[in-house]
Amino acid sequence: MVDQQWKQRLRCGAVLVGLVMSGAAAAAVEGNAALTSDYIWRGSSQSDGDPAAQAGVKLSTATGWYASAWGSGVSFKPDNGARSEFDLIAGWSAAVTPDWSVDVNLTRYLYPSTTVDLDWTELNGTVTWRQRAWLQVGVSDNALAGGHGGTYAQLGARLPLGEQWRVEGAVGHYWLDSAQADDYLHGQLSVVWRVHGPWELRVTGHDTDGAAKRLFPGNAGSRVEVALQTAF
């Protein structure tokens, strides 16, 4: 099992390295970082309600191909040894019309040093309108590393309020195989203030339905997240 896990990680890494090397001459580099009071993903806390530091880097080419890596501190209950999450992503994004853009990528979620296998892979697609609204769909045959298929969809919107403020909201639904868990619904609403330059302060309210609370006891439901974030 361990050898198979490492083979999967090496294959994913090889794809990313190949993508980067093929477009390195014309690659643009971007980065991001955040310090959040609670790492919340799709409605549930991934840090057991504790603060988390996060950072990522993205290399993209003029043809739209890109590769990125992102990491965050995590903590789960019951404790399975996970202390970090790394997301390796390879994909393509481009504007297809002046108003519409698309993004398709393969994401590999990695959790080193765990006592159980939490690694899994998801195929994602996002359609965005004028950077104001988006629809994301993710599909996996091993959703949440549970050994069953799942489909996630999120509909979101962004409303600028002048140059320094904006409001963002999203509603997501996770369709999970009944052998794993019930489908669940979550929502979030953020107010973002551009403090100075690329630095932003984000306050987000999250809520979920009862199915999420049963699936993630103690880590779903109503909660507030505060984050200081930047992009460079």
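The values are calculated or read from the model by the stated rules, or taken from the named source; none is laboratory data. Keep in mind that what you see is a predicted model, and the values were worked out from it rather than measured. Counting neighbours? That spans all protein chains shown, and the Cβs are built from the backbone with ideal geometry, glycine included.
Details
- Tally, over region 198-228, of residues that are at positive phi and free of Cβ contacts under 8 Å to residues at least 24 places away in the same chain: 1
- Yes/no for Val224 being more than 17 Å from the chain's Cα centre (by Cα), in a strand (DSSP E or B) and more than 25 Å from Ala55 (Cβ to Cβ): no
Per-residue answers, yes or no, for (1) farther than 30 Å from Val167 by Cα; (2) not hydroxyl-bearing (Ser, Thr, Tyr):
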| position | (1), (2) |
| --- | --- |
| Ala82 | yes, yes |
| Thr107 | no, no |
| Ser113 | yes, no |
| Asp117 | yes, yes |
| Trp120 | yes, yes |
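- Any chance Thr126 is more than 30 Å from Val203 (Cβ to Cβ) and not acidic (Asp, Glu): no
- One residue stands out among those in region 166-214 that are part of a helix (DSSP H, G or I) and basic (Lys, Arg): the one that is nearest to the chain's Cα centre (by Cα), which is Lys213.
- Contacts under 6 angstrom Cβ, first residue in region 53-71 being of a type in the set (Ser, Thr, Tyr), partner part of a strand (DSSP E or B) and surrounded by fewer than 17 Cβ atoms within 10 Å (Cβ to Cβ), 6 or more apart: Ser60/Ala28
- Out of Trp6, Trp70, Trp65, sole residue that is among the aromatic types (Phe, Trp, Tyr) and at pLDDT below 95: Trp6
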